[in-house]
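Everything on this sheet refers to the single structure shown next.
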Amino acid sequence: MMDVVSIVIGLVVGLAVGVGVFQVLAKKSAERKAAQLLEDARNEGEVIKKDKMLQAKERFLQLKEEHEKLINEKNQKISQAENRINQKEQSVNQKLKHVGTRENELDRMDQALKTQQAALEVRQTELEKALRENVKRLETVSSLSAEDAKKELMDVLRDEARTEAMTLIQDITEEAKVNANREAKKIVIQTIQRVATEHAIENSVSVFNIESDDIKGRIIGREGRNIRAIEAATGVEIIVDDTPEAIILSCFDPVRREIARLSLHTLVTDGRIHPARIEEVVAKTSKRIEDEIMETGKRTCIDLGIHGLHRELVRMVGRMKYRSSYGQNLLQHSREVANLCSTMAAELGLNAKVAKRAGLLHDIGKVPEDEPELPHAILGMKLAEKYGEKPDVCNAIGAHHDEIEMTSMLSPIVQVCDAISGARPGARREVVESYIQRLQDLESLAMSHDGVTKAYAIQAGRELRVMVDCDKIDDKKASELSFQISNKIQEEMTYPGQVKVTLIRETRAVSYAK
């Protein structure tokens, strides 16, 4: 039993001693590891420190190089500025030197002139003395006093001077007319040459292409309700005939025609075609076209450099995109007239910006939403006055077809440029033969009335001037005849705008001296 106890005690003591030794060894190992980690951390810190210092040095060198480069550029600019200043200073010194030389020359010339003037005064005194002596001798010989001789001589010289002056005035007048015509032709030709605009012929009919003829039935709808709804909503005549894969949209209002075309495209793409859907799509399309019109007007004003235009006038300019005259797009025509007016006004020394403004707005009377009976020039003038345009611009708009009197220099410029743009070959669809035929029809219609001696269609067929026999037509009958001719033109002829009928009756008294 004691042996067992001794053994147990020995084991316990040995275990205690082993644990103590193990703890001591573990502590030493931990201390060694801690020391090693601390050493590694110090080494890593030194490496990081060196890297950061190297990066800082590189950044410092880079900033230093950029700073030196910037300083060198500034020094170079300063040097160039100093060189320019030195050159200007040398130029100024040379000019001052030249001015000093000129002053010396002028002083010498002034002195010489004073000497010559003194000599002339002496000579003049001698001539006056000799003249007085000659007058005395002539009075003695001719038995006429100097005053009587002077008066007789003045009468003769006055008649000769009057005759020569009249001849000279006539020559100067003829030369001025020739030069004026030459300069006017030169300005017009230069203006035409410097402005070139592409022309596109506009139609009053659009063709809407479809994929198959089955869609025609869906567009027509049951008993034609869909096609009636489209025509009622857009105001466009829709022609569905035997033409394969095509529907014709006919309307003289390009805005309504474009709304109808886009609405049909949306309906066919969507597939839902019924009256309620048609009204919804047409309303959305109308809103989109209105926004596009406004954007077109703003872009046109920006392109031409025209500012301060009233919003409604900008909108009317945008609507010109969807208007045409004899197939000529009205917006392109107005832009071309604006550029022509600007060029011609600059050549004549007038305000080119105001002329360009008047040229752009000259046809706004063609694009109102309602259709008044007024001529488009007068209507455009009233619209321009309503929206605050200057009197010169308003007069140029109203007078470009001679409906009112021209009171501004811009008015004939706008009239001429409008004629240049409209008469340019290829600008308008109307061919020469049909144009000449229409003028001949106007003249023939007027000549068919009794008492008419001559008839002239002018202003591209916008005015008809009728000469009547004063013995057959009195003043009262002249008014009646003018009214009859205008009514007959309205009933029998087709023409754009209006035709002004001017009937002229005059009495001439002619006699001959034999």
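The values are calculated or read from the model by the stated rules, or taken from the named source; none is laboratory data. Worth saying up front: this structure is predicted, and the values here are computed from it rather than measured. For neighbour counting, all protein chains shown are included, and Cβ atoms are generated from backbone atoms with ideal geometry for every residue, glycine included. Heads up: the accessible areas ignore ligands, DNA and RNA and are worked out on the full protein's heavy atoms, side chains in. Shrake-Rupley method; radii C 1.70, N 1.55, O 1.52, S 1.80 Å.
A compact table of results
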quantity	calculated
Stretchable slack from Asp51 to Ala165, in nm (0.36 nm times residue separation minus alpha-carbon distance)	30.6 nm
Region 253-269 residues near the modelled Arg225 label - backbone nitrogen below 19 Å, point 7 Å along Cα→Cβ	267-268
Accessible surface, 1.4 Å probe, highest first, among residues Cys301, Cys470	Cys470, Cys301
By average C-beta atoms within 10 angstrom, highest first, the peptides 386-397, 281-292	386-397, 281-292
Nitroxide proxy distance, nm - points 7 Å out along Cα→Cβ at Lys114 and Lys284	9.6 nm
Lys366 accessible area, assembled protein chains, probe 1.4 Å, Å²	60 Å²
From phi via Karplus (6.51, -1.76, 1.60), per-residue ³J(HN,Hα) for region 256-270 in Hz, x at Gly/Pro	5, 5, 5, 4, 5, 5, 5, 5, 4, 4, 5, 5, 5, 5, 6
Residues in region 307-341 reached by a label modelled at Lys353 [backbone nitrogen below 11 Å; 7 Å Cα→Cβ]	307-308
Accessible area (Å², 1.4 Å probe, nearest 10) - Ser79	50 Å²
Karplus 3J(HN,Hα) series, Hz, for region 168-173 with 6.51 cos²θ - 1.76 cosθ + 1.60 (x for Gly, Pro)	5, 4, 5, 5, 5, 4
Unsatisfied cross-links (Cα-Cα over 20 Å) in the set Lys382/Lys488; Lys321/Lys366; Lys454/Lys477	Lys382/Lys488
Amide H contacts under 5 Å for Glu463, placed H, 5+ residues apart	Ile458, Lys500
Solvent-accessible surface ranking, highest first, for Ile247, Ile71 at 1.4 angstrom	Ile71, Ile247
Whether region 279-382 is rounded, prolate or oblate, judged on the alpha carbon gyration tensor where a/c under 1.5 counts as rounded	prolate
Gain in span if fully extended, Ala513 to Phe22, counting 0.36 nm per residue against the direct Cα distance	160.6 nm
For Tyr322, solvent-accessible area (1.4 Å; no DNA, RNA or ligand), Å²	20 Å²
Order of exposure, largest accessible area first, which applies to Met53, Met320, Met493 with probe 1.4 Å	Met53, Met493, Met320
Approximate spin-label separation Glu58-Lys150, in nm, with each point projected 7 Å along Cα-to-Cβ	10.9 nm
Residues whose placed amide H lies under 5 Å from that of Ala455, excluding near-sequence neighbours	Met467
Debye intensity ratio I(q)/I(0), log10, region 1-129, q values 0.19 Å⁻¹ (C-alpha model)	-1.11
Fully extended contour minus Cα-Cα distance, from Ile248 to Asn75, at 0.36 nm per residue	54.8 nm
Label point distance in nm, Arg137-Lys382, each placed 7 Å from Cα along Cα→Cβ	8.7 nm
